[in-house]
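Since the structure comes first, as structure tokens, the remarks are kept for the end.
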Amino acid sequence: MSKKKVSKKNLNNKNVNKKVKKEKVFTKERIVSAIIAIFLIFTLILSLTSCMGTVSLEKSAKLLAEYYVKHDQAALRKLGASSETAKEGIETEKAERKKDIQSSFARSGVEATDEQLEKIYEAQMEAIKKVTITTEVVSQDGDSAEVKISMNYIDAEAIDEAAAEEAFKDIKDGEKNSDKLKKECLEKYVNSIVKGLKEAKPSTEKNEAIFTFEKGAMSWMPEEMELFTEGIDSLMSN
């Protein structure tokens, strides 16, 4: 089990924070899943309504993690965000993630169709929604507290490696890297990565980290949102 306390210092330590890496599409090197795109949860702070009661510390942490990891709009609404805010954050993140995937393909001289991008994105979300997230209050001192967030993960790296092998297994040494061949590899890769993600099972081990939260008017929020999102990113990988 991996355990750490999230701080600026250890997020800069490459041995502590596992950075999410960009895809290397159409090489026989490891192909890694698309990076987690811009997280818009900060908009929640602006959309909270004064009529709701205070959400507990442990519940606040779990709902924030559920929204960030699984794109659970209902979780954000429970914290007081409007349906429009919750939906807008997810739609923007989705567009950015698909853009990142397309950029990776473009570097290899191919362009995925919107249908292919949608398939990959939907498969990624189907896989990550299988993950289990738990929270536990470690300590609390007035309006400041530490919360441990634990979660298992999807081994996306292994799935990507398998998809890459499938895409390139029939390519002969010295074979011309034609546009036709690239498109064929693209189709094989997309089909394989989608299949692998849909069939993926969460890990048996869990990663965990401790985050500092501060009490707001209606819910508890991470002391520093950037550290929260980077810390959660590190828990989502092997």
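We did not get these values from a lab; they are worked out from the coordinates using the rules stated. The shown structure was predicted, so the numbers you read here are calculated from the model rather than taken from an experiment. Reconstructed Cβ throughout: ideal geometry from the backbone, glycine too, with neighbour counts over all protein chains shown.
Using only side-chain charges placed at the Cβ, +1 for Lys and Arg and -1 for Asp and Glu, the dipole size of region 117-185 relative to its Cα centre rounds to 360 debye. Calculated translational diffusion coefficient of region 57-166 (20 °C, 1.002 mPa s; Stokes-Einstein with Kirkwood radius over alpha-carbon pairs) equals 132 µm²/s.
For region 132-238, what does the alpha-carbon gyration tensor say about shape, rounded, prolate or oblate, given a ≥ b ≥ c as the root eigenvalues, a/c under 1.5 as rounded, and a/b over b/c as prolate? Cα axes put region 132-238 in the prolate bin.
Dipole of region 116-222 computed with +1 at Lys/Arg Cβ and -1 at Asp/Glu Cβ about the Cα centre; of ALA209, ILE120, VAL147, farthest Cα towards the positive end is ILE120.
Contact order, relative form, for region 150-220: 54 percent (alpha carbon pairs under 8 Å, 6 or more residues apart, mean separation divided by residue count). Simple spin-label estimate for GLN140 and GLU118 gives 4.5 nm between the two label positions (7 Å along the Cα-to-Cβ direction from each Cα).
One way to sum up the overall shape of region 166-213 is the equivalent ellipsoid from its Cα gyration tensor, whose semi-axes run 37, 13, 11 Å, largest first. Simple point charges give the picture: +1 on the Cβ of Lys and Arg, -1 on the Cβ of Asp and Glu, and for region 64-205 a dipole about the Cα centre of about 380 debye.
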